[in-house]
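A quick write-up on the structure given underneath.
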Amino acid sequence: MSISERGTKRRLVVMLLNTDPRNPEELAAPFYYAAVAAAMDYEVDLLCTATAGRLMFQGVAEALHVKPGDPKTVHDWIKEAREQGVRLWACPANLELFDKEEADLIAECNGMMGAAAVIQTIMDDDCRVLTF
């Protein structure tokens, strides 16, 4: 039975909490997995928190390349995930941690997802979690 036949979309939450922008080779996979899941018609939310939260700030992902010499930036990976329907979220605690404001978030970011919302979401029976 397909997802649409069940009448309910299953949800995937991709959490970037151990991924570090200082190691750009780590940065494509989470966005790729999220994009593939969205293309498979899953409801996908991707949350960047801890050091990975920097990726949701303007100027960070645009300056990073997964592979040296590759013209594709991490921001391009983010845009592709968004185009597939992935919802991208920043952690509210990161604003204070990195002395930023919501106005500093990239255009692809849907806004903020705090701890209570994350926990409520992942406790749902129709939700699965991938962490990077």
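The values are calculated or read from the model by the stated rules, or taken from the named source; none is laboratory data. Treat the numbers as computed from the prediction; the structure is a model and nothing was measured. Glycine gets a Cβ as well: all are built from the backbone with ideal geometry, and neighbour counts include every protein chain shown. Ligands, DNA and RNA are stripped out before the accessible areas are found, and what is left, the full protein with its side chains, is counted by its heavy atoms. Shrake-Rupley method; radii C 1.70, N 1.55, O 1.52, S 1.80 Å.
To the nearest 500 deg cm²/dmol, what mean residue ellipticity at 222 nm is calculated for the chain from DSSP H runs of n ≥ 4 alone, each contributing -39,500 (n - 2.57), summed and divided by the residues? Walk me through the intermediate numbers first.
Numbers: 5 runs with 40 residues, N = 132.
Rounded to the nearest 500, it is -8000 deg cm²/dmol.
For the chain, what does the relative contact order come out to in percent, with C-alpha contacts under 8 Å and a separation of six or more?
Numbers: 235 pairs, mean separation 40.9, N = 132.
Relative contact order here is 31 percent.
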- Answer label for mean projected area of the Cα convex hull in nm² (calculated), chosen among [x] 16.5; [y] 8.0; [z] 7.4: [y]
- Message: Looking only at the chain, where both bridge partners belong to it, what percent of the DSSP beta bridges are antiparallel (to the nearest 5)?
- Response: 10 percent
- Where the accessible area of the stretch 31-132 is counted over protein heavy atoms with a 1.4 Å probe, how much of it, in %, is carbon and sulfur? 52 percent
- Dipole magnitude of the chain, debye to nearest 20 (Cβ charges: Lys/Arg +1, Asp/Glu -1, about Cα centre): 240 debye
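Given a 1.4 angstrom probe, what's the average accessible area per residue across the stretch 77-132, in square angstrom?
Ligands and nucleic acids excluded, the figure is 61 Å² per residue.
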- Query: Rounded to the nearest 10 Å², what accessible area does residue 33 show when all protein chains are kept and the probe is 1.4 Å?
  - Reply: 120 Å²
- Summing +1 per Lys or Arg and -1 per Asp or Glu among the other residues with Cβ less than 13 Å from residue 49's Cβ gives -2
- In the stretch 13-119, which GluC sites (Glu not before Pro) are in a loop and have at most 15 other Cβ atoms within 10 Å, using DSSP for the loop call? 101
- Item | Karplus (6.51, -1.76, 1.60) ³J(HN,Hα), θ = phi - 60°, over the stretch 67-72, in Hz, Gly and Pro reported as x | 10, x, x, 7, x, 6
